[in-house]
């Protein structure tokens, strides 16, 4: 999340940060049975919740009002929460827990870390973000092979060469995260790009690798 040019005071800033770092709560989606009721896929429930949230944000925009913790620029633009919802939806709908875990945790924790460092005048926000995000991706990619959608441990150990493969993948994902956080187009919010850019890249590479190695 870039900059803190809002009219909100310290409480609004703290509120935004707390909401941001709480994003991993969405991983509980993987604990919900695949069918909420017989014949109703849980993904439809997630899409319904997202649609309701976007509709509320649209009504807010039409009214010109702001919700607690929002930045001043969000008075006339889609809120950061809506951008994040658009990014979270494809992740939880199309990838398993192992991949969603590092992507969502990096988004939740590294983005605020970089923002706080910048606010304190540090020039090392990119380096800190790269190290933190890369570390989260490395651990999470390992979990991609040890944890399934139901968060149950696999009996198959991870081979050494796969761990070695995770190193360049994690470094690449960490670099993409920092790039997405700092260089998002003005018409996009980095709450979307820091989710989708690393996720889409890892999703394509890991699925291609699974096909080639099958």
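The values are calculated or read from the model by the stated rules, or taken from the named source; none is laboratory data. Note that the structure is predicted; figures quoted are calculated from it, not measured. Every residue, glycine among them, receives a Cβ derived from its backbone with ideal geometry; neighbour counts consider all protein chains shown.
Observations
- Residue within segment 61-75 that is at pLDDT 90 or above and out of contact with any strand residue (DSSP E or B) (no Cβ under 7 Å at 6 or more places or on another chain) present: no
- Checklist (1) part of a helix (DSSP H, G or I); (2) over 20 Å from residue 168 (Cβ atoms) applied to residue 121, failing item: (1)
- A single entry from 117, 93, 18 fulfils the requirement of being modelled with pLDDT of 80 or more and under 30 Å from residue 204 (Cα atoms): 93.
- Selection from segment 58-114 of residues that are under 27 Å from residue 130 (Cβ atoms) and not in a helix (DSSP H, G or I): 71, 95, 96
- Any hit, segment 182-192, residues being part of a helix (DSSP H, G or I), modelled with pLDDT of 90 or more and farther than 26 Å from residue 32 by Cα: yes
- Listed by first and then second residue, the pairs linking a residue in segment 54-77 that is within 16 Å of residue 16 (Cβ to Cβ) to a residue that is loosely packed, with under 15 Cβ neighbours inside 10 Å and modelled with pLDDT of 85 or more, with Cβ atoms under 9 Å apart and 6 or more places separating them unless they lie on different chains, are 67/56; 69/18.
- Any hit, segment 29-48, residues being touching a residue at least 60 places away in the same chain (Cβ under 8 Å) and surrounded by 11 or more Cβ atoms within 10 Å (Cβ to Cβ): yes
- Screening residue 174 with (1) closer than 18 Å to residue 28 by Cα; (2) modelled with pLDDT of 90 or more gives one miss only, at (1).
- Checking residue 98 against (1) without any contact (Cβ under 8 Å) to a residue 60 or more places away in the chain; (2) surrounded by fewer than 18 Cβ atoms within 10 Å (Cβ to Cβ), the condition it does not meet: (2)
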